[in-house]
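Written out below as structure tokens is the structure these notes cover.
The values are calculated or read from the model by the stated rules, or taken from the named source; none is laboratory data. Predicted model, so just to flag it, every value in this text is computed and none were measured. Here the Cβ positions follow ideal geometry from the backbone for every residue, glycine too, while neighbour counts run over all protein chains shown.
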Amino acid sequence: MSEGLDVEALYRRYGPMVFRRCHFLLRDESEAEDVAQDVFVQLVRHKERMTETYPSSLLYRIATNLSLNRLRDRKRLPSLPGDDLLNQIARLDQLDAPVMLDRLFGRQPKSTRTIAVLHHVDGLTLEQVARVVGMSVSGVRRRLRVLREELQRMGGPLLSSGGAR
């Protein structure tokens, strides 16, 4: 695609198609939105190497590849016990979530919040988190286990209070 590539026009025209492809493969609306955005980021990033020929085929292929990469990442980062509760917390009303998180993290060392965000939100592996926070992998694993146990203890009355969706 040439220097004058109109990525915004391509987004308007092909964005829905790209989203549908991502959603079909990922079966998750939020992930599909993220990957669909990534498709157009890739387009901007590599526009000097693209040609204007058949943009729908190119975008479809990029969407497929990025979605398959996301699926592979899911398999590499297996879900652990308690992750379903963490996902429920993520879906709490905006007013309920801060109270819940303050209660949960108020009982933990401050670095545990960083560990949880790096692993559960940013998707880093335990090894990567350990490097970032300067701990051993077993130390990171223990912190996450303790956090999950605390979350499970809090989970019953907290998540059934009407805030979970």
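Note on the range 21-69: among residues that are surrounded by 14 or more Cβ atoms within 10 Å (Cβ to Cβ) and aromatic (Phe, Trp, Tyr), the one that is farthest from Leu5 (Cα to Cα) is Tyr60.
In the range 107-130, how many are β-branched (Val, Ile, Thr) and farther than 19 Å from Glu150 by Cα?
Number satisfying all stated conditions: 2.
Taking the range 46-78, which residues are within 21 Å of the chain's Cα centre (by Cα) and modelled with pLDDT of 85 or more? Selection gives Ile62, Ala63, Thr64, Asn65, Leu66, Ser67, Leu68, Asn69, Arg70, Leu71. Quick check on the range 100-112: of everything there that is under 22 Å from the mean Cα position of the chain (by Cα) and surrounded by 15 or more Cβ atoms within 10 Å (Cβ to Cβ), which residue is nearest to Met135 (Cα to Cα)? Among residues in the range 100-112 that are under 22 Å from the mean Cα position of the chain (by Cα) and surrounded by 15 or more Cβ atoms within 10 Å (Cβ to Cβ), the one nearest to Met135 (Cα to Cα) is Thr112. Answer yes or no: is there a residue in the range 110-118 that is within 30 Å of Tyr11 (Cβ to Cβ) and at pLDDT 70 or above. Yes: one or more hits. For the range 114-151, name all the residues that are charged (D, E, K, R) and surrounded by fewer than 15 Cβ atoms within 10 Å (Cβ to Cβ). Scanning the range 114-151 gives Asp122, Glu127, Arg131, Arg142, Arg145, Glu149. Figure legend. Inter-residue proximity from the range 114-139: first residues closer than 22 Å to Leu104 by Cα, second residues of a type in the set (S, T, N, Q) and surrounded by 13 or more Cβ atoms within 10 Å (Cβ to Cβ), beta-carbon distance below 7 Å, spacing 6+ or different chains. Indicated pairs: Val133/Ser111; Val133/Thr114.
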